[in-house]
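**Q** Take a look at the following structure, please.
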Amino acid sequence: MCGIIGAVGTQNVSGLLLQGLKRLEYRGYDSAGIAVISPNQQLQRIRTAGKVQVLIDEVGKNSLDGNTGIAHTRWATHGRPSENNAHPHTAGDAIAIVHNGIIENHESLRHRLLSEGCHITSDTDSELIAHLIHQKIRQGVDTLTAVRSLIQQLKGAYAIGVINKDEPGRLFATRFSSPLVIGLGEEGTFISSDTLALRPVATQVIYLEDGDVADITSDTVTIYGINGEKVNRPSHKIPSNHEIASKGKYPHYMLKEIFEQPDAMSRTIQSRMTTHQVMAEAFGVNAADIFRRTKRIQIIACGTSYHAGLVSKYWFEEIIRIPCEVEIASEYRYRNHIIEPGTLFITLSQSGETADTLAGLRLAKTSGYLATLSICNVAESSLVRESDLVLLIDAGFEIGVASTKSFTCQLEALFMLMIALGHAHALDALKETDMIRELRAMPGYAEEVLKLNAAIQKIAKGLEHKQNCFFIGRGIQFPVAMEGALKLKEISYIHAEAFPAGELKHGPIALIDNSIPIVALAPNDDMIGKMKSSLEEILSRGGNIVLLTTGQTGMENRDGISVIHMPHVPKLLAPIIYAIPLQLLAYHAAVLKGADIDQPRNLAKSVTVE
C-alpha cells in the first residue's frame, strides 16, 4: 500500500501536497517524498525515510515553490525503506514519477535498461518507469506519448503520476489495476490514490479506468483510453466530512457497512493480483522467499477474525496441502508450543490493536518462527508496525462494533495468501488462474446477496421473541455458522451457539423443539446429502429452520423451513458470500428487539486490554 497525490494549481502546491500525504499516510509510512517544478523550470525533489512528518520538517528547511508537483508516501515492496528507494523517482534532470503497484516484468526491464546504459540508483521497480519515459522523450516524442507507451511495456499493477520540467503546468497520469482518481477544485486539478485525500481541495472526482492516460492542467483534463482514443469519464461529487462520518441513508452504521461490502471487497483484491498470479510482493519485500520456505502455518486471532482463520485452514490444507493451526489469541499466549521449522506465524485483526493478538505476536517474535505476517485494516496499528509481512485489507472505516465488511475482506485476503503460498510451492498454473478468476467475482456475488435484504428482514421476525438460536454447517461452512452465531449474540443479545451438523445427535438435538430456531448453511456441495439428513432430524422434532441454500439442492419453503435463496458460488469461496445474509439476519433481529445496534452493551470496537 502506498499513497499518491499530485497537483497542477493556480498557486504554490507544496503545502497542498504535504497535507495530502498526511491524509494518505494510513496507506504507508516508511518513507515519503515530493517533487515540484519551480518557477524557473527546475525540478526540485526532497525525499526522506520515515513518516510524512519527517518530510514536512525537511521541506520546512528548504524553499520548495511551484505550481506543478507530485508526492508519495511509501509502503515498501521492492527495496528496503530508505531515502534512496523513496518516491518520486527521476530520470535525467527533467522527469519525476510516483508509482503505486507492482511491475511484474521489472527484472527484464531492469536488465534491458542497464544494457542500454541507464543509470539506475534504487532497488525499486518504480524507478524503471521514469527511465522508460525518459528514453522515449530522448527519441523525440512528447511526455504524453511517452506515458502512453508504458501501457505496452509494463506488466502488473500500477498507478502512475508524471511531471516533466520542460512541460510545466501539466501533470500526466495512468493506471491499471491500481486506484487513481482525478480531483477537480477551485485551486487546480489533482490526482490521488484515494478520494478522501482530495476532500479539502476538490469537489468532484473522475475515476480513471484500466489503461486510461490523463493529460491534466490546472483547468483541463483530457483522457485517452487504452487504445489511444479520447474518452469521457464522468465526474462524481466527493462526499463531505459529514457524509463520510454519518450513516447517510442508513439508520445504523452496521447496515451501512454491510452494504459497503462489494466496494470494500473490490478494494481488498485490487492491485494485488494479475490475471494469473497473486503478487507475493504485496505482502512485503521478502515475501516470495519466505513463502518458498513456509512449511506450516500458525494463525492466532480473536472473535470474528478467529472465525476467518478457521475458514482459511480448509483452504491452506485442502488446496495447497500446507498444515495450518488456528488458535484463539488469548489461549495461545498461555501455553507451551511445539514450533516446527518453517512455520509462518499469522495474526488477524481489524484494528491491529487487539491486546491478546498483539501480545501473541510479541511472544512469537522470540519463539523461532520463520516470519510473522499480519492481515489488518489499520495501517498505522501496532500489529502492522511490528510484523515482518503485512497485507492491509483496505476495508475502510468500520464504525459499528459488530465486524462485517472486515470479515469478508479478511477472507479474501487469506484466500489471496493461500494462492501466493501455493504459487511458491508449485500450485498448478491453471488452477491458480481459475481461483483468481473466481475471487474477482466475489464482489458481484455480494451485490447479488444484498438484494435479499427485504426477504431476510421478513424472516428475522421469527427471531424477535426468541431467547436461543442454533447455527449449523458442515465442513468449511461450520466457521461461518460460528460467525453467524456471534453476530446474533453480539447485537441482539439472543443466546446463539453453532455446531457442526454432524454433532447434533451427540447432545444438542436434546434441546430442539419449536422454541429454538435453527439457522442452517447448506450450499450445493459434497456435504449436501448429509445436511439434508440433519435437517429432516430437526424437522421431525418440531424444529424451525432458516435455510441458506441454492436452487440446485431442490429445497424450498415448506412447513418448518424458511429458505434464503443463495446464488451458486464456488464451494471454496462460498463462506465469503454466506456470511452476508447472516449479518443481515442478526441486524434485523436486533432492530426488532430494540437493541443498540452500533454500540451493543459491554462491547468495544477494539479490545485493547486483556
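**Q** Answer yes or no as to whether SER193 is closer than 19 Å to VAL231 by Cα and either within 21 Å of the chain's Cα centre (by Cα) or small (Gly, Ala, Ser) (or both).
**A** Working: closer than 19 Å to VAL231 by Cα: no; either within 21 Å of the chain's Cα centre (by Cα) or small (Gly, Ala, Ser) (or both): yes.
In short, no.
**Q** Looking at region 587-598, can you tell me whether even one residue there is of a type in the set (Gly, Ala, Ser), touching a residue at least 40 places away in the same chain (Cβ under 8 Å) and buried (at least 24 other Cβ atoms within 10 Å of the Cβ)?
**A** Of the residues in region 587-598, the ones of a type in the set (Gly, Ala, Ser) are 589-590, 594-595.
Now narrow it down to the ones that are touching a residue at least 40 places away in the same chain (Cβ under 8 Å): 589-590, 595.
From what's left, buried (at least 24 other Cβ atoms within 10 Å of the Cβ): 589-590.
Within region 587-598, one or more residues are of a type in the set (Gly, Ala, Ser), touching a residue at least 40 places away in the same chain (Cβ under 8 Å) and buried (at least 24 other Cβ atoms within 10 Å of the Cβ).
**Q** Take region 475-517 and flag every residue that is among the charged types (D, E, K, R) and either touching a residue at least 60 places away in the same chain (Cβ under 8 Å) or under 15 Å from GLU536 (Cα atoms) (or both).
**A** Passing the criteria: GLU483, LYS487, GLU490, GLU503, LYS505, ASP513.
**Q** Can I ask one more? One residue is enough: does region 524-535 have a residue meeting the conditions out of contact with any Gly (no Cβ under 7 Å at 6 or more places or on another chain), among the small types (Gly, Ala, Ser) and surrounded by 22 or more Cβ atoms within 10 Å (Cβ to Cβ)?
**A** yes
**Q** Within region 93-132, how many residues turn out to be of a type in the set (A, V, I, L, M), in contact (Cβ under 8 Å) with a residue 24 or more places away in the chain and part of a loop (DSSP other than H, G, I, E, B)?
**A** 1
**Q** When both residues are 6+ apart or on different chains and their Cβ atoms are under 8 Å apart, which pairs have a first residue that lies in region 324-349 and is under 18 Å from SER374 (Cβ atoms) and in contact (Cβ under 8 Å) with a residue 40 or more places away in the chain, and a second that is among the aromatic types (Phe, Trp, Tyr) and in a strand (DSSP E or B)?
**A** That search, which allows pairs on different chains as well, returns nothing.
**Q** Out of the residues in region 40-67 that are assigned to a helix (DSSP H, G or I) and of a type in the set (Asp, Glu), state the one that is farthest from ILE95 (Cα to Cα).
**A** Only one residue fits best here, namely ASP57.
**Q** Is one or more of the residues making up region 450-457 under 30 Å from the mean Cα position of the chain (by Cα), crowded, with 21+ Cβ neighbours inside 10 Å and of a type in the set (D, E, K, R)? Lay out the reasoning, then the answer.
**A** Of the residues in region 450-457, the ones under 30 Å from the mean Cα position of the chain (by Cα) are 450-457.
So of that shortlist, the ones also crowded, with 21+ Cβ neighbours inside 10 Å come out as 456.
Remaining after also requiring of a type in the set (D, E, K, R): none.
Looking through region 450-457, none of the residues is under 30 Å from the mean Cα position of the chain (by Cα), crowded, with 21+ Cβ neighbours inside 10 Å and of a type in the set (D, E, K, R).
**Q** Let me ask something additional. Tell me whether region 552-572 contains one or more residues that are in a helix (DSSP H, G or I) and surrounded by 21 or more Cβ atoms within 10 Å (Cβ to Cβ).
**A** No, every residue in region 552-572 fails to be in a helix (DSSP H, G or I) and surrounded by 21 or more Cβ atoms within 10 Å (Cβ to Cβ).
**Q** State which residue pairs qualify: first residue within 26 Å of ILE491 (Cβ to Cβ) and inside region 380-406, second residue basic (Lys, Arg) and not in a helix (DSSP H, G or I) in any location, beta carbons under 6 Å apart, and separation of 6 or more residues or different chains.
**A** Pairs found: VAL401/LYS605.
**Q** Scanning for something assigned to a helix (DSSP H, G or I), in contact with a helix residue (DSSP H, G or I) (Cβ under 8 Å, 6 or more places away or on another chain) and assigned by TED's automatic domain parsing to the domain that holds GLY15, does region 185-197 turn up at least one residue?
**A** Yes - at least one qualifying residue is present in region 185-197.
**Q** Out of curiosity, is SER63 free of Cβ contacts under 8 Å to residues at least 12 places away in the same chain, assigned by TED's automatic domain parsing to the domain that holds ILE34 and within 23 Å of ILE5 (Cβ to Cβ)?
**A** So SER63 fits the description; yes.
**Q** Report the residue count in region 218-240 for those that are charged (D, E, K, R) and either surrounded by 16 or more Cβ atoms within 10 Å (Cβ to Cβ) or in a loop (DSSP other than H, G, I, E, B) (or both).
**A** The total comes to 3.
**Q** Among the residues of region 209-221, write down those that are at pLDDT 90 or above and under 24 Å from SER271 (Cα atoms).
**A** Scanning region 209-221 gives GLY211, ASP212, VAL213, ALA214, ASP215, ILE216.
**Q** Testing GLU464 on (1) within 27 Å of GLY303 (Cβ to Cβ); (2) more than 13 Å from the chain's Cα centre (by Cα); (3) surrounded by fewer than 22 Cβ atoms within 10 Å (Cβ to Cβ); (4) assigned by TED's automatic domain parsing to the domain that holds SER312, one condition comes back false. Which one is that?
**A** (4)
The values are calculated or read from the model by the stated rules, or taken from the named source; none is laboratory data. Everything quoted here is computed from the prediction, not taken from an experiment. We place every Cβ from the backbone using ideal geometry, glycine too, and count neighbours over all the protein chains shown.
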